[in-house]
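Following: one structure in C-alpha cells, then a few remarks.
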Amino acid sequence: MRAVKAAGKNRNGNVLEKSLLMVADRLGVVNHAVGVAGRNIAGAFLVFMTVIVMAQVIFRYGLNNSLAWTEELSKTLMVWTAFLVAPWAYREKANVAIELFSDALHPRIRAAGQIIITLLIIWIVSIFLRESVDFVMRGMQSRSASLPISTGYFYLIVPVSFAALLIAAIEQFLRDVVALRAKPE
Amino acid sequence: MSLSYFWIFIILLASGAPVVFALLISPGLSLFIDGQTEFHKALLSRLYNGMDSFPLMAVPFFILAGEVMNAGGVTASLVRFSQTMIGHVRGGLAQVNILSSVLFAGLSGSAVADTSALGKMLVPAMEKNGYSRRFAAAITAASSVIGPIIPPSGIMIIYAFVMNVSVAGLFAAGIVPGILVCGGLMTVTAVLARRRNYPAAAEKASWDERRVTFFQTLPALLTPVILLGGILAGVFTPTEAAAVAAVYAILVSLFVLKTLTLRDLPAVFTSAAAQSAVILLLVGAAVTFAWIITVSGMAERIAGGISGTTDNVLILLLLVNLFLFVIGMFLDAGPAILILGPVLAPLFVGMGVDPLHFAIVMCVNLTVGLATPPMGLVLFVASSVSGEKPDKIAVEMAPFLLVEFFVIFLITYFPAISMTIPRLLGYA
C-alpha cells in the first residue's frame, strides 16, 4: 500500500532509481566475479609464497646453497595478493572504518556524507590509475635485481587493481545515490 | 606544504571512510589544493614500496598459521590441556580461558583470532557451567589481548617494520609483560570467583590424565618453541619462522591430529590471503601518509608541541600513555602504530628512552586498546560470538582493564620488566 502511494507521488524518481539500480546490479555482477577471482588467485599466491620461503630455508640449511631469487619473487607475490584482494575488500566492506560517529547522524546526512566519500574514492582511484600506467612504463626501464625481467612486469597488477577498484566504486556511487533518495525507514 | 591533509584525514576518519582510503585521499587532496599534483606519482610509489618488504611477509604467514590451527582443532586441544591443569580451582573455566589465551598467544599473533576461536568454545561452556554470558564474553575479550603481547605478534612485526627496530628483540620484550597480564587477570578472576561463588569446572585431574593430555597437545605446544627458538637463536628470520610455523601447523593438522583434510586447505589459504591483504594495504597506505607527515614537517611540530609542555620524560611517558589510551578507544592498534609510531618514537628516543622499551610500551598500550570501548575490534568480536551487547561486556570487563592499565604503567616505569630478556639476548 505504502509502495503504491510512493510510486504515485514520485513516478519520475522511481524510474530513475530503477535504472540506476539496474546499472548498479549489472556492474555488481562483474565486480563480484572480478573480486572473487582476485581473492582466489591471492589464495593461490599465498601457497606459492609458502613454498618459495620454505625452499629458501631448505636450500640454505639442507643443501647449503642460498637461493638468490626467493626473497624478491615471494615479496612481489605478496604485493600482488594485496592488490588482487583490494577490489573484493572494498566491495565487501572488509576495510577498517570508524562508523561510530557517522552512525549517530541523521540517515539523510549520513547518506550525503557517504556519497562524498565515494566520490573522493573515485577521484583518488582515478589518479592512481593514471599514475600507475606511468609507474609501469618507468618500471620497464629497470631490471629486476634477481630475475631476468624488467621490474615493470611486477607493477602490472597496479593498474589492473585500480581499474577494478574504479568500477567497484562507480557501482557503490550509484547505490549511494539511490540510498540518498530513498525514504528513511 | 600545508597541513590541510591532517584535517582532511580527521574529517574523513570521523565520517566513516575506510581508514585505508582516508590515508590515501588526504595527502592526495592536500597536494591538489596546494597545486603540487606532480607529487601524486610519489604517493603511488610509496604505496607499492611500502608493502614490498620481506620482513613484512611474516604477517601473512602468521595469519595463515592461525587460520590452520583454528580450522584444524588445535584450539580445542589447548583448551582441554588447560582444563586438566587448572580446571579444578574455583572459577575454573574462567581460569582455563585465561591460560588457553596464553597458550594460544604462543601460536598466533592476533587478539581477534584468539577471541573468536576461544569465545566460540568457551562462552557457551561457561554459560552452561553457571557463569553469566556477559562475564564469559568479558574474560574472553580481556584475556585475548595477551595474544599479541606474548610473541609471535602481528602488531610487533608491523611496528618493527615501520620503526626499524628488531622484531626478535621486540618479541623477547613481550614475554614478561604477557605473563604479567596473565597473572593479573588470574588474580582478579580468583577474587571475583570467590565473591560470586563461581564453580570449579571439573574434578582435579590426576597426573596420569595430565600426562596424557600433555602428549596429545604437545605438537601444538611445540610451535612456539620452534618459532621463538628459531628466531632468537638466529636460525630463521621472523618471516621464515612464520612460514615454517604455518607449514608445521598444516602437517600436524593433516597427519598427526587428522582434523584437517586436503580439501579444507584452499578455503584456509584464501581466507588467510584476504585477511593479510587488508592489513598489507593499510601498511602501504600508512607508509604513504607517513611520507607526507615527514615532508610537511608535521612530525617536528607535534614533537615540539609535546616536548614544550614539560621536559620531564617520566611525565611525558605518562601523558603519551594516556594519549594512546584515548587513541586506542577509537582506532585499531595496526593503523595507530603506523600513523603515530613515526611521530612519537623519535621524540622519546631523542630523550634517552630505549627504542625497544618505547616500542613495547606503545604496542602493549594499543593492544589493550583493542578491547576498550567504544571502538574495539576484540570487543566487537566477543559481542558477535556471545550475542551480548558490546557495552554490557565492557562494563563486566572494567576490573580486567584496570589490571591491564596497571601492567602498562609497570612496564613504562620499570624498564627492566620488559628489557631484561632482550638485554640478555643481546638485542638492547
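The values are calculated or read from the model by the stated rules, or taken from the named source; none is laboratory data. A quick note: this is a predicted structure, and the numbers were derived from the prediction, not measured. Cβ coordinates were reconstructed from backbone atoms using ideal geometry, including for glycine residues, and neighbour counts include every protein chain displayed. The protein model used for the area step is the full one, side chains on, heavy atoms only, and it has no ligands, DNA or RNA in it. Shrake-Rupley method; radii C 1.70, N 1.55, O 1.52, S 1.80 Å.
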Task: Identity of the residue in region B:154-174, in contact with a Ser or Thr (Cβ under 8 Å, 6 or more places away or on another chain) and closer than 20 Å to B:F61 by Cβ, that ends up most open to solvent (accessible area, probe 1.4 Å) - done: B:F161
- [ ] State yes or no: is A:I109 of a type in the set (V, I, T), open to solvent by 20 Å² or more (accessible area, probe 1.4 Å) and over 29 Å from B:A42 (Cβ atoms)?
- [x] yes
TODO: Within region B:109-122, identify whether any single residue is without any contact (Cβ under 8 Å) to a residue 40 or more places away in the chain, open to solvent by 10 Å² or more (accessible area, probe 1.4 Å) and not in a helix (DSSP H, G or I), and answer yes or no.
DONE: no
Task: Of residues in region B:94-108 being among the aliphatic types (A, V, I, L, M) and open to solvent by 10 Å² or more (accessible area, probe 1.4 Å), the one farthest from the chain's Cα centre (by Cα) - done: B:L99
Open item on the list: Can you tell me how many residues within region B:345-365 are out of contact with any helix residue (DSSP H, G or I) (no Cβ under 6 Å at 6 or more places or on another chain) and either open to solvent by 20 Å² or more (accessible area, probe 1.4 Å) or assigned to a helix (DSSP H, G or I) (or both)?
Closed with: 5
TODO: Output the residue which, of all residues in region A:135-156 that are of a type in the set (A, V, I, L, M, F, W, C) and at the interface with chain B (Cβ under 9 Å from one of its Cβ atoms), is surrounded by the fewest Cβ atoms within 10 Å (Cβ to Cβ).
DONE: A:F135
Open item on the list: Which count do you get for residues in region B:203-232 that are of a type in the set (G, A, S), away from every other protein chain (no Cβ under 13 Å) and open to solvent by less than 20 Å² (accessible area, probe 1.4 Å)?
Closed with: 2
Task: Matching option when the condition is surrounded by fewer than 18 Cβ atoms within 10 Å (Cβ to Cβ), more than 28 Å from B:V364 (Cα to Cα) and aliphatic (A, V, I, L, M), among B:A200, B:A190 - done: B:A200
Task: Residues satisfying the stated conditions in region B:233-247, i.e. surrounded by fewer than 21 Cβ atoms within 10 Å (Cβ to Cβ) and modelled with pLDDT under 90 - done: B:A233, B:G234, B:V235
Open item on the list: Please count how many residues of region A:119-134 are at the interface with chain B (Cβ under 9 Å from one of its Cβ atoms) and either touching a residue at least 24 places away in the same chain (Cβ under 8 Å) or open to solvent by 60 Å² or more (accessible area, probe 1.4 Å) (or both).
Closed with: 6
Task: Selection from region B:250-286 of residues that are open to solvent by 40 Å² or more (accessible area, probe 1.4 Å), within 28 Å of A:W88 (Cβ to Cβ) and assigned to a helix (DSSP H, G or I) - done: B:L262, B:R263, B:D264, B:P266, B:A267, B:Q275, B:I279
TODO: Filter region B:6-44 for residues that are more than 7 Å from chain A (Cβ to nearest Cβ), small (G, A, S) and farther than 15 Å from A:S102 by Cβ and give the result.
DONE: B:S26, B:S30, B:G35, B:A42
Open item on the list: If I go through region B:195-213 residue by residue, how many of them are assigned to a helix (DSSP H, G or I) and under 12 Å from B:Q83 (Cβ atoms)?
Closed with: 3
- [ ] Kindly list, by first and then second residue, each pair from a residue in region A:80-97 that is facing chain B (nearest Cβ under 7 Å) to a residue that is acidic (D, E), limited to pairs with Cβ atoms under 6 Å and residues at least 6 apart or on different chains.
- [x] A:V96/B:D332
Open item on the list: For region B:73-93, give me the residue count where each residue is over 22 Å from the mean Cα position of the chain (by Cα) and in a loop (DSSP other than H, G, I, E, B).
Closed with: 5
